[in-house]
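Presented below is the structure to which this report refers.
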Amino acid sequence: MSILLLVTLVFTIPLGTVGCLRQSSSIKNIQIVTQYSMFDDSESESKSGRMNPIVINTWGFTDGTAEAWSKLVNGGSALDAVEAGCSKCEELQCDRTVGFGGSPDENGETTLDAMIMDGETHDVGAVACLRRIKSAISVARKVLEHTKHSMLSGELATNFAVAMGFKEESLSTRESEQMHADWKKNSCQPNFWKNVYPDPAISCGPYKPAESERAESPKPQSNTLVDRFNHDTIGMLVIDGKGRIASGTSSNGARNKIPGYTFVGRELDSNP
């Protein structure tokens, strides 16, 4: 593994804590670092014809990193590892920004977005606004491997998932239901509406487009609270022993979002 390649991978990760695993005899060699690490094993790699596998993810999601690493050392591919690592975070509801039971929309429903990419072919599979299916990253892989599309969304993505053998179940929990109830009690603050009436700063709606005489100049908004719990999610990069690269992400999107909103890349929302 060259120094240059590793540094490039780390700096393409969104800002935050990075979980990094390097090949070893023990799964305990998980490192959480906030800056790049430099490994120069080019001589040993050239002799063996193999690369040292690497797993990198955002934030301190070490359980996801460990799951991906376990998949690699047991013969899995880079794609297998990305799916396994992101799936673990979906299961554990990492920071409540991943998986079921987090970020309910204005109707109180949690929906999921996920993407997985094969670095060899540059093929992408993704789902958006996925309803009632917990394994979003795995459904995204089915889109990658069994369709000629890049993304499926909404209720029809759910139909596709069921056809692929996934189980329909509620994505709500008592915690997410309480989040929604508290938001309603707080006059639906904050929200993502603008240039509508009644005033979204004090009302829950329903809203209609503001007439020209009613409309006010948009007021600048600042993100008064931006941290790992409200603006980011898991992003994972993996290089396996054969040098194959894969990446993926899974998210439950922006809390209190307008139904239909889809998490996109590194877009920064002013979430509560």
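Bear in mind that the values in this text are calculations on the coordinates, not laboratory data. Here the structure is a predicted model, which is why all the values come from computation and not from measurement. Backbone-built Cβ (ideal geometry, glycine too); neighbour counts: all protein chains shown.
Orientation-averaged projection of segment 63-210 equals 10.6 nm² [convex hull of Cα atoms, one quarter of hull surface area]. For ILE234, nonlocal amide neighbours, meaning residues 5 or more places apart or on other chains whose placed amide H falls under 5 Å from its own, are SER250. In this structure the amide hydrogen of SER153, modeled in the peptide plane, comes within under 5 Å of the amide hydrogens of ALA128, none closer than 5 places in sequence on its chain.
Compute the FRET efficiency between ASN186 and ASN107 as 1/(1 + (r/R0)^6), taking r as their Cβ-Cβ distance and R0 = 25 Å, and round to the nearest 0.05.
Details: r = 16 Å, r/R0 = 0.65.
Efficiency at R0 = 25 Å is approximately 0.95.
Legend: residue pairs LYS134/LYS257; LYS71/LYS142; LYS142/LYS208, Cα-Cα distance threshold 29 Å; pairs beyond threshold, LYS142/LYS208. Under the simplified labelling scheme, the CYS204-VAL162 pair shows an inter-label distance of 3.0 nm, with each label point 7 Å from Cα along Cα→Cβ.
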